[in-house]
Amino acid sequence: MQLLNLIRSRFTPVLSQWVTDPVALQTTLDRIVASREVALADYQANVAMPLQKVVGKPPMEIAQTILNEVKIDDLCSEVSIAGAGYVNLRLSNAYLAKQLDMAFQSENLGVEGAANPKTYVIDFSSPNVAKPMHVGHIRSTVIGDAISKVLKFLGHTVITDNHIGDWGTQFGMIIYGYKYFRNEEAFAKAQVAELGRLYRVVQRIIGYQSTVSGLAEQEKKLILAEQKVALLEAKQSEAASDKKIAKELKSAQNAVKEQSQAILKSKETIAAVESDTAFKKLCDEHCNLESRVLKETSKLHHGDKENLALWESFLPFCKEEIHGIYKRLNVQFDHEYGESFYHEMLPAVVEDLLSRSLAEPSEGAICVFLEGYEAPMIVQKQDGAFLYSTTDIATAMFREREFGPDASLYVVDHRQSEHFQKLFAVLEKIGLTHTHFKHVSFGTVMGNDGKPFKTRAGDNIGLESMLDEAIARAWEVVCDPERLKKARQELSEEDKREIANIVGIGAIKYADLCHNRTSDYVFDMDKMVALDGNTAAYIQYSYARTRSILQRAVGEGYVNADWGQQPILIDHVAERTLALQILRFEDTLAASMTEYLPNGVTEYLFDLARCFSSFFDQCSVLNAESLEQKQSRLKLTVLAGRILKQGLELLGIETVERM
RNA sequence: GCCCUCGUAGCUCAGUUGGAUAGAGCAACGGAUUUCUAAUCCGUAGGUCCAAGGUUCGAAUCCUUGCGGGGGUGCCA
């Protein structure tokens, strides 16, 4: 049901008498929107005010003309003018009831789908394999999955590609680790775990070594910063009122503070390693490990037989690990072309750029210079190695050949926005102008302290342990014996496990999706599994209640052969509010996708669940006055439930029949 | 230095791309229950939308400046 499009189409003939340009007409039509103030109208046309200059008449007069000429009586029970010239629409209950019946009969809930379906390639999740996945990966995975599902549901062709990092330095690290640190027995028993351990050992040694070598630099910086403070203090005593100096002084003082803290932290790290004599010995034996690792990576990239064989043998284990996580998250991809897939195409990409004079050598590297950017995009390093930019270009070209998409979305962290701006500029120069490239960026997950979410020690938080904790918390709250007793739910251990799992994972996903994706948000496990307020559980619970009513209604015999034919009756205000919300499903999905914002969908579902709760409270189904009313209310209940379930499914969140 | 972003209720966040009296959740307070699952519903209180100018019939939203945070910034991804 595309209500907005229908209403707008009724205004088109009236508005075209003043606005002839199709683009201007569309922007005018876009001013017909769902009303923010429910008490005033269902929909409102904010068109008369901006038209006053075009038409040369006062807004009230224009509104009156619209009122007289618009043919919309079959949809509306009331059309009126209010305020500065708003045209307010109230849909008739009869029309709402008719549409609800259609949605009820329809398998896909009356969703018509996009008038012009498009082909999308969506690049999301994209973790580096062989590195443990952490909180940072959740956003891309969950947001990308939701966007893919909604677009597909709206009738678009969607191709999802997990552009995994399977060719980078982390393989140099585990290859080196395997060669020098492996525990044969552990590897035979659990390859994935042992590879993870090797990765962490190498990373820790490199971390220690770079801390040691960086300490002198840090101390030098501290002295410089202190000197700057002294200088500025002297200046300030001469000119106390100079704001610029005061500001510089403040930032210099901050720099001193930051630098001292950083030095303190470095010293702690060093002390920790040095108290661990066995580990310290490893660090000494493998000096300059970072460059040794780079050498291993480089050998791999140049086709060294031993390293290539190791890479090939490790890769399945690494993939197995991430597939395990996707299975828990219930996320699937159409493709998983990793970086390694493009490796052989990279020299040709650079040659092509050079031959078309789009790229040029600079300081020993091959660069594409772009207008408006100080730094060029480097496509080949001094040492001849390629970079992620090169791979990204090759990837876009491959996708163009393979899928020819109308739009290509990259669901990636906002910190990479400049990279994507440059990438898209290069792609345009290359001639990939058919596709609309879009960086669907998102903000950072923060801890309670307002800093990026980390453990106390400063490590990233592992994704698996986070999921485990969410499920455990969900169990505590949902399967609390007191609550189950009060709700009169008797659940088997297996039921409880399933519910805790679905509620826990749903909580994590929903908490992420319900924030505007461009914002940073504070990760708060207590809140997301608290199960009241704007959470997945509240919506899942509402769904379970719809199922419970249906089950009882079946038991009491309202669901006979032709109950579905009983027309929906709208008498109570709670019925009407619920009805209208149900019919806004498709409009909301479509609107959420113009800027790919899944929080539009969560907000809708939360509102729908609240409309249902209010209806549940005020309009009893089983105790309604007549059989007709019972069946009508049951239809509303079932329809609301189907939309809640479908909506959550589009967000990658499952439902349970009882909770 | 340059570029990008953010600043909304005590807290966490929305705000339909410039529309009517700025909204939700949590927390606080008051009411409803021998329940079609109270994980609920109904209500009250809570605001200098960072500040100052400007554009407009109309600004939290657009422009300028300032203040305060976060991020990026030539060989990681």
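We did not get these values from a lab; they are worked out from the coordinates using the rules stated. Model, not experiment: these values are computed from the prediction. Reconstructed Cβ throughout: ideal geometry from the backbone, glycine too, with neighbour counts over all protein chains shown.
Odds and ends about this structure:
- A:Thr269 sits among other residues whose Cβ lies under 13 Å from its own Cβ, and their net charge, with Lys and Arg +1 and Asp and Glu -1, is 0.
- Relative contact order computed over the range A:465-650 (Cα-Cα under 8 Å; 6+ residues apart), in percent: 25
- Label-point separation in nm, A:Glu603 to A:Phe398, each point 7 Å along Cα→Cβ: 3.8
- Within the straight-line cut-off of under 22 Å between alpha carbons, the lysines reachable from A:Lys118 are A:Lys149, A:Lys152, A:Lys438, sequence neighbours fewer than 8 places apart in one chain being disregarded.
- 13 Å beta-carbon shell around A:Thr160, net charge (K/R +1, D/E -1): -2
- GluC sites (Glu not before Pro) within the range A:503-604: DSSP coil, no more than 14 neighbouring Cβ in 10 Å: A:Glu595
- For the pair A:Val522 and A:Thr169 in one chain, pulling the backbone fully straight at 0.36 nm per residue adds 124.0 nm over the alpha carbon distance.
- Cleavage-rule hits (GluC sites (Glu not before Pro)) in the range A:52-145: DSSP loop, at most 15 neighbouring Cβ within 10 angstrom: A:Glu107, A:Glu112
- The relative contact order of the range A:3-91, computed from alpha carbon pairs under 8 Å that lie at least 6 residues apart in sequence, is 28 percent.
- Between A:Asp74 and A:Glu268, the FRET efficiency estimated from the beta carbon spacing at R0 = 51 angstrom works out to 0.10.
- Were the residues from A:Ser417 through A:Glu464 laid out at 0.36 nm apart, the gain over their Cα-Cα distance would be 14.1 nm.
- Pairwise FRET efficiency - A:Ala234 versus A:Thr157, Cβ, R0 = 51 Å, nearest 0.05: 0.15
- The range A:82-99 versus the range A:150-173: alpha-carbon centroid distance in Å: 44
- Sorted on the mean count of surrounding Cβ atoms within 10 Å across their residues, most packed first, peptides A:84-96, A:500-512 read A:500-512, A:84-96.
- Spin-label model distance (nm) - A:Leu387 vs A:Arg456, 7 Å beyond Cα toward Cβ: 4.0
- Anchor A:Lys509: aspartates and glutamates whose Cα lies under 12 Å away (excluding residues fewer than 8 positions away in-chain): A:Asp145, A:Glu649, A:Glu654
- Trypsin sites (Lys or Arg not before Pro) restricted to DSSP loop in the range A:342-418 with at most 16 other C-beta within 10 Å: A:Arg356, A:Lys381
- One Cα centroid belongs to the range A:385-459, the other to the range A:520-588; the line between them spans 38 Å.
- Of all lysines in the structure, the ones whose alpha carbon falls short of 21 Å from that of A:Lys71, not counting any fewer than 8 places away in one chain, are A:Lys98.
- Look at where the Cα atoms of the range A:26-68 and of the range A:241-293 average out, and the two centres are 61 Å apart.
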